[in-house]
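Trainee: First the structure, which I've put down as structure tokens, then a few questions once you've had a look.
The values are calculated or read from the model by the stated rules, or taken from the named source; none is laboratory data. Keep in mind the model is a prediction, meaning the values are calculated, not measured. Using ideal geometry, Cβ is built from the backbone for each residue, glycine included, and neighbour counts are taken over all protein chains shown.
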Amino acid sequence: MNIFYDENMPFAQEFFADFGQLTPFAGRSLTANEVSQADVLLVRSITQVNQALLAQNDVLKFVGTATIGVDHIDQAYLANRGIPYHSAPGCNAVSVAEYVMSCLVVLAERYQLRLMDLTVGIVGAGNTGTRLSEKLDAIGVNYLLCDPYLAQSGEDKREFVSLEQALTCDVISLHVPKTQTGQHPTFHMINANVLAELKQQQILINACRGEVIDNQALLALKQQGHGVKLVLDVWENEPNILTALIPYCEITTAHIAGYSLEGKARGTEILYQKLCQYLNKPVEKCLADFLPDSGISHIEINQEYDEILLNQLVKIVYDVRRDDGLFRQHICHQPSVALAFDKLRKNYPARREFSALSLGMEQSIKSKELYRLGFSQ
């Protein structure tokens, strides 16, 4: 069996070596000729799986994407050919939620904000939005959930608000897929009219899909002197992004919010499980078999929880300012923005999740918030 996989899928060799011949590929530049003999094709979001890519392949049996989103998969075409496909829903939800938490910690310090005084509008309450709400719950930060599909389903008993209500919050964090059809399309959901209603002191975070915000309208708003604070991990037209927006952002990164080692590797693990199911093979491997110890794996806590302690611990595991600095250095000083953007993603430095750090506490200290936030005991 010929298994072709994106070279940026962690532990692919470890998970799939027993299935046959493994061939890694560069996701952005994959051609129809390269993949013509693939029995199994495992991709990430930068690879468009469609008729053009598979035109020379008549043996493909299984497609998997190690990502939450599937807008890069031509589902109708695969269905017409009878080729099953699988995604990895929720694989990097924790990673994205912790990216947002790091951004909030950094901005709270930068502008002397008290997190407990903020309300976060979470737009999109699926896997990622839910993980973020749980982390905010853990440290007592108020939030409002906006998800019209879940609200209309009647099956989700959480309380939901309208998009208009969510957009009045101190912080707006976007966690929706990119859609252009349906009752609530998200393409340019945040357009010029919506942006014009934002308050000067609000924080707008986009860590889902770049096309959810009209980037040209956002640039025009900032050029007019609007004070909204921007955190952009995703951009329209990646990797050919609107570089003129960069100087107006508080934090800018190269679509890496979900790029923790655990987040990326969970996608690999989920596809391994799906391929085992497809081939009727037993699942014999798990992610814990391969994850290395983190550089700092244990810390003793000798004080009760407060926002200063939170700031310190979050930054020990993941300080988003590192990625912001790398982004500005490489994107702003390279002749090819697209190549620099993809290079940053391909060579992304190792990053762990909160769970990689265990905290020891004396029994008299009751800082359970930190365990609920995701740190290990």
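Trainee: Have a look at H184, H175 and point out the one that is under 25 Å from D71 (Cα atoms) and under 18 Å from the mean Cα position of the chain (by Cα). Write out each step before concluding.
Mentor: Values: H184 fails: under 18 Å from the mean Cα position of the chain (by Cα).
None of the other options fit; the residue is H175.
Trainee: Quick one: which residue in V234, V228, V212 is buried (at least 18 other Cβ atoms within 10 Å of the Cβ), closer than 25 Å to R114 by Cα and under 24 Å from the mean Cα position of the chain (by Cα)?
Mentor: Values: V234 fails: closer than 25 Å to R114 by Cα; V212 fails: closer than 25 Å to R114 by Cα.
Only one candidate qualifies: V228.
Trainee: Also: Name the single residue that is surrounded by the fewest Cβ atoms within 10 Å (Cβ to Cβ) among those in the stretch 288-331 being among the aliphatic types (A, V, I, L, M) and closer than 22 Å to H255 by Cβ.
Mentor: L326
Trainee: Could you identify the single residue in S153, S173, S162 that is surrounded by fewer than 23 Cβ atoms within 10 Å (Cβ to Cβ), of a type in the set (S, T, Y) and in contact (Cβ under 8 Å) with a residue 12 or more places away in the chain? Before the answer, list the steps.
Mentor: Details: S153 fails: in contact (Cβ under 8 Å) with a residue 12 or more places away in the chain; S173 fails: surrounded by fewer than 23 Cβ atoms within 10 Å (Cβ to Cβ).
Selected residue: S162, the only one of S153, S173, S162 that is surrounded by fewer than 23 Cβ atoms within 10 Å (Cβ to Cβ), of a type in the set (S, T, Y) and in contact (Cβ under 8 Å) with a residue 12 or more places away in the chain.
Trainee: Here's a follow-up. So, in the stretch 249-292, exactly how many residues are of a type in the set (A, V, I, L, M) and in contact with an Asp or Glu (Cβ under 9 Å, 6 or more places away or on another chain)?
Mentor: Matching residues across the stretch 249-292 total 7.
Trainee: Still on this structure: Examine the stretch 90-110 for a residue that is over 16 Å from the mean Cα position of the chain (by Cα) and not aliphatic (A, V, I, L, M), and state whether such a residue exists.
Mentor: Yes.
Trainee: Continuing with the same structure: Does at least one position in the stretch 279-287 carry a residue that is loosely packed, with under 14 Cβ neighbours inside 10 Å, more than 30 Å from P239 (Cα to Cα) and touching a helix residue (DSSP H, G or I) at 6+ places or on another chain (Cβ under 6 Å)? Steps first, answer last, please.
Mentor: As a first pass, look at the stretch 279-287 and keep what is loosely packed, with under 14 Cβ neighbours inside 10 Å: 279-284, 286.
Applying the additional criterion that residues be more than 30 Å from P239 (Cα to Cα) yields 279-284, 286.
Those left that are additionally touching a helix residue (DSSP H, G or I) at 6+ places or on another chain (Cβ under 6 Å): 283.
Yes, the stretch 279-287 contains a residue that is loosely packed, with under 14 Cβ neighbours inside 10 Å, more than 30 Å from P239 (Cα to Cα) and touching a helix residue (DSSP H, G or I) at 6+ places or on another chain (Cβ under 6 Å).
Trainee: Could you figure out which of (1) surrounded by fewer than 17 Cβ atoms within 10 Å (Cβ to Cβ); (2) touching an Asp or Glu at 6+ places or on another chain (Cβ under 9 Å); (3) not in a loop (DSSP other than H, G, I, E, B) isn't true of L144?
Mentor: (1)
Trainee: Under the condition of being outside any loop (DSSP other than H, G, I, E, B) and out of contact with any strand residue (DSSP E or B) (no Cβ under 7 Å at 6 or more places or on another chain), which residue from the stretch 107-117 is surrounded by the most Cβ atoms within 10 Å (Cβ to Cβ)?
Mentor: In the first step, residues of the stretch 107-117 are kept if they are outside any loop (DSSP other than H, G, I, E, B); the result is 107-110, 115-117.
Then drop every residue that is not out of contact with any strand residue (DSSP E or B) (no Cβ under 7 Å at 6 or more places or on another chain), which leaves 108-110, 115-117.
Values: A108: 19, E109: 13, R110: 12, L115: 21, M116: 11, D117: 10.
My answer is L115.
Trainee: Still on this structure, I have one more. Looking only at the stretch 3-34, how many residues end up being of a type in the set (F, W, Y) and out of contact with any strand residue (DSSP E or B) (no Cβ under 7 Å at 6 or more places or on another chain)? Please lay out each step first, then the result.
Mentor: The first filter runs over the stretch 3-34 and keeps only residues of a type in the set (F, W, Y), leaving 4-5, 11, 15-16, 19, 25.
Next, only the ones that are out of contact with any strand residue (DSSP E or B) (no Cβ under 7 Å at 6 or more places or on another chain) stay: 11, 15.
Residues in the stretch 3-34 being of a type in the set (F, W, Y) and out of contact with any strand residue (DSSP E or B) (no Cβ under 7 Å at 6 or more places or on another chain): 2 in total.
Trainee: Just to check your reading of the model, which residue among K157, K135 is in the same structural domain as N191 (by TED's automatic domain parsing) and part of a loop (DSSP other than H, G, I, E, B)? Write out each step before concluding.
Mentor: On the way: K135 fails: part of a loop (DSSP other than H, G, I, E, B).
Step by step, each of K157, K135 is checked, and only K157 is in the same structural domain as N191 (by TED's automatic domain parsing) and part of a loop (DSSP other than H, G, I, E, B).
Trainee: Any residue in the stretch 73-93 that is on the phi > 0 side of the Ramachandran plot sitting within a Cβ distance under 6 Å of a residue that is buried (at least 16 other Cβ atoms within 10 Å of the Cβ)? List the pairs, counting only those 6 or more apart or interchain.
Mentor: Cβ pairs passing all conditions: G90/N127.
Trainee: Could we say that G121 is touching a helix residue (DSSP H, G or I) at 6+ places or on another chain (Cβ under 6 Å) and either more than 21 Å from G258 (Cα to Cα) or not in a strand (DSSP E or B) (or both) here?
Mentor: Working: touching a helix residue (DSSP H, G or I) at 6+ places or on another chain (Cβ under 6 Å): yes; either more than 21 Å from G258 (Cα to Cα) or not in a strand (DSSP E or B) (or both): no.
So G121 fails the test.
Trainee: Just give me the residues in the stretch 310-325 being in contact (Cβ under 8 Å) with a residue 40 or more places away in the chain and assigned to a helix (DSSP H, G or I), in sequence order. Step through it out loud before you land on a result.
Mentor: The initial filter retains those residues of the stretch 310-325 that are in contact (Cβ under 8 Å) with a residue 40 or more places away in the chain, namely 310-311, 313-321, 323-324.
The answer is L310, N311, L313, V314, K315, I316, V317, V320, R321, D323, D324.
Trainee: Whether any residue in the stretch 349-365 is loosely packed, with under 13 Cβ neighbours inside 10 Å, touching a residue at least 12 places away in the same chain (Cβ under 8 Å), out of contact with any helix residue (DSSP H, G or I) (no Cβ under 9 Å at 6 or more places or on another chain) and not assigned by TED's automatic domain parsing to the domain that holds D117 is what I want to check. First the steps, then the outcome.
Mentor: First, pick out the residues of the stretch 349-365 that are loosely packed, with under 13 Cβ neighbours inside 10 Å: 349-350, 360, 362-364.
Now restrict to residues that are touching a residue at least 12 places away in the same chain (Cβ under 8 Å): 349-350, 360, 362.
Subset that is out of contact with any helix residue (DSSP H, G or I) (no Cβ under 9 Å at 6 or more places or on another chain): 360, 362.
Subsequent filtering for residues that are not assigned by TED's automatic domain parsing to the domain that holds D117 retains 360, 362.
Yes: the stretch 349-365 contains one or more residues that are loosely packed, with under 13 Cβ neighbours inside 10 Å, touching a residue at least 12 places away in the same chain (Cβ under 8 Å), out of contact with any helix residue (DSSP H, G or I) (no Cβ under 9 Å at 6 or more places or on another chain) and not assigned by TED's automatic domain parsing to the domain that holds D117.
Trainee: Of all helices (runs of 4 or more DSSP H) completely enclosed by the stretch 6-106, which ones contain at least 1 residues that are surrounded by 17 or more Cβ atoms within 10 Å (Cβ to Cβ) and touching a helix residue (DSSP H, G or I) at 6+ places or on another chain (Cβ under 8 Å)? Please lay out each step first, then the result.
Mentor: Details: elements: 12-16, 51-54, 75-81.
Qualifying helices (runs of 4 or more DSSP H): 12-16, 51-54.
Trainee: State whether the residues of the stretch 293-306 include one that is under 27 Å from T65 (Cα atoms) and over 18 Å from the mean Cα position of the chain (by Cα).
Mentor: Taking the stretch 293-306 first, the residues under 27 Å from T65 (Cα atoms) are 293-294.
Within this subset, residues satisfying the condition of being over 18 Å from the mean Cα position of the chain (by Cα) are 293-294.
Yes, some residue in the stretch 293-306 is under 27 Å from T65 (Cα atoms) and over 18 Å from the mean Cα position of the chain (by Cα).
Trainee: Please state which of the following conditions G225 fails to meet, knowing it meets all the rest: (1) closer than 18 Å to P247 by Cβ; (2) of a type outside the set (V, I, T); (3) touching a residue at least 60 places away in the same chain (Cβ under 8 Å).
Mentor: Result: G225 fails condition (3) only.
Trainee: Which residues, taken from the stretch 122-141, are out of contact with any Leu (no Cβ under 7 Å at 6 or more places or on another chain), surrounded by 18 or more Cβ atoms within 10 Å (Cβ to Cβ) and touching a residue at least 60 places away in the same chain (Cβ under 8 Å)?
Mentor: T128
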